[in-house]
Amino acid sequence: MITDEVRRTLLAAVDLYPQAREVLRRQLVRLDEPLRVAIAGKVKAGKSTLLNALVGEEIAPTDAGECTKVVTWYRDGPSPRIVQFPQGRSLPVVRRDGALEIALDGPADRLVVDWPSQSLRSTTLIDTPGIASLTTSNSLHATRFLTPDDSTPTEADAVIYLMRHLHSADANFLESFRDQGVARATAINTVAVISRADEIGGGRVDAMISARGIASRYRSDPSLQGLCQNVVAVAGLLAFSGRSLRQNDFVALSALAAVPREELESLLLSADRFADGSVERRALLGRFGVFGIRLAVTLIRQGVTEPSALAAELVARSGLGELQKVLHTQFSERRHLLKARSALLALDGVLRSVGDSRLTGAVERILAGTHEFAELRLLSALRSGTVKVPDLELASRLLGDEGAHPLVRLGLPDGCGPREVGQAAFAALQRWQRHAENPMLTRRAADACRVLIRTCEGLLPRR
Ligand SMILES: Nc1nc2c(ncn2[C@@H]2O[C@H](COP(=O)(O)OP(=O)(O)OP(=O)(O)O)[C@@H](O)[C@H]2O)c(=O)[nH]1
Ligand SMILES: [Mg+2]
């Protein structure tokens, strides 16, 4: 298995390069830790809110003003604990109205929050300050963290990149996040999110439909295809408020559902008019947003009578489920590969800094000998259009774009047995062999067919 090969190579490096022992040891420990996924994007893109939605608890502070100032790690742990670095000092764990409040004690370059949570068990989430932050040094922290130079290994194995609109600065950021060193030029570890999707079109009830349309356009936009694996639209605030809906929210929303339609619409035109001096109403608007209130009220008017049913419907409409599915297929299922890749990047950095090439061959052998790396490289080449093959959709699916399971790769329904898998894999193998024999094929396309053939061979039942 790839993790074992990488571990052996790292151990060999520890013996060879005592001067880099610390860096290498950290990589060895990291290999067995959960996948690290960073949430990045511009200031106020909704990063911390999305993190809370993914965890289902308000652990990342959010605010309408610039809020996240320090790169903050959220890991699963036996009990809540906050440690501020570089000092390594523990901070008090304070929760107000369910939200975690973090007060820094002097200058910090990193915070690590341990939090007992099922959602964090297999993935550590890393909240980052906004890029192009008002305070340049915060932004520098985030940029340095996400796009280290060649000598510093990447701290995150994968990135969720939030953008509210496709902006040239966003594209630049994704460009600079492309792989460094080995395994260069693949966007294998980035998923883009159109965030705050409910605000599109002024928070109309069809906002999420428009947002999904935009996400699908971005998905096929050549300038983005080469930079990220997928694009999903998510209303993080709605997802979080749905996941944490309380009985008193339901009561307040039900009361609003009793207000005549036109009156409510006119109230929702301005936050001040809506709140009308009421602290509860202002809080409700902060928790759900204009769109969330409109949607919840509509659902209650249509006959939703239980808080749990309303909560489930809000989450379902927020796009969180789609994002979770994409994160599962692109990140969780490829966890070993992404972690191995991070370790190899770090090792490559060490080899270059010590100016020794004794292990370069071993690193290259792992990269070339691991078929999944070839699949990922081909997937991004197909996405960015640098390689063209016939039957693009079939090819992408076969390479694991929709999931790594053989049934998914072969487009077979659940429940198919080894016989059907074998037949479908054989048919796919013949298809790609036929394509490979086409004399008009470019060399790159022929190489691509060979990768696909190898994938089909791997799916054939073992004799
Ligand atoms: N309507 C709406 N508002 C949102 C959404 N996500 C976040 N917000 C609001 O946008 C503001 C900023 O949200 P944060 O999650 O703090 O954004 P951030 O990207 O972490 O911000 P910084 O850490 O300061 O860069 C807050 O007032 C949130 O309530 C969303 O999906 N919809
Ligand atoms: Mg934030």
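Readers should treat all values here as calculations from the given coordinates under stated rules, not as data from a laboratory. Since we're looking at a predicted model, the values are computed, not measured. Note that we place each Cβ from the backbone using ideal geometry, even for glycine, and neighbour counts take in every protein chain shown.
Listed values, structure above:
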item	result
Dipole in debye (nearest 20) - the chain, about Cα centre, beta carbon charges: Lys, Arg +1; Asp, Glu -1	900 debye
Reachable lysines from Lys69, criterion Cα separation under 26 angstrom, eight or more residues apart if same chain	Lys42, Lys44, Lys47
Segment Asp206-Ala64, extension gain: residue separation times 0.36 nm, minus the distance between their alpha carbons	48.7 nm
Percentage of interatomic Cα-Cα distances in region 387-463 larger than 14 Å	58 percent
Estimated inter-spin distance, Gln87 and Asp447, nm [label 7 Å along Cα→Cβ]	5.3 nm
Note, ³J(HN,Hα) from phi for region 296-313, Karplus 6.51, -1.76, 1.60, rounded to Hz, x at Gly and Pro	4, 4, 4, 5, 5, 5, 7, x, 6, 10, 10, x, 5, 5, 5, 4, 5, 5
Around Gly400: net Lys/Arg minus Asp/Glu count, Cβ-Cβ under 10 Å	-2
R0 of 35 Å, Cβ-Cβ distance Asp105-Leu11: FRET efficiency to nearest 0.05	0.35
Per-residue Cβ neighbour rank within 10 angstrom, fewest leading, Phe85, Phe240, Phe288	Phe85, Phe288, Phe240
Under Karplus coefficients 6.51, -1.76 and 1.60, residue-wise ³J(HN,Hα) of region 377-385 in Hz, glycine/proline x	4, 5, 4, 6, 5, 5, 4, 7, x
Shape call, region 243-312: gyration tensor on alpha carbons, a/c limit 1.5	oblate
Taking Val112, Val159 and counting other C-beta atoms within 10 Å, the order from fewest to most	Val112, Val159
Structure-based [θ]222 nm, the chain - -39500 (n - 2.57) summed over DSSP H runs of at least 4, per residue, nearest 500	-16000 deg cm²/dmol
Sum of side-chain charges, Asp391 neighbourhood, beta-carbon under 10 Å (Lys, Arg +1; Asp, Glu -1)	+1
Fewest-first sequence of Phe291, Phe373 by Cβ atoms within 10 Å of each Cβ	Phe373, Phe291
Along each principal axis, Cα extent of the chain, largest first, Å	70, 54, 40
Residue-count net charge about Leu412 - beta-carbon cut-off 14 Å; Lys, Arg +1, Asp, Glu -1	0
Model label zone, Ser223; criterion: amide N under 18 Å from point 7 Å along Cα-to-beta-carbon; scope region 385-400	385-386
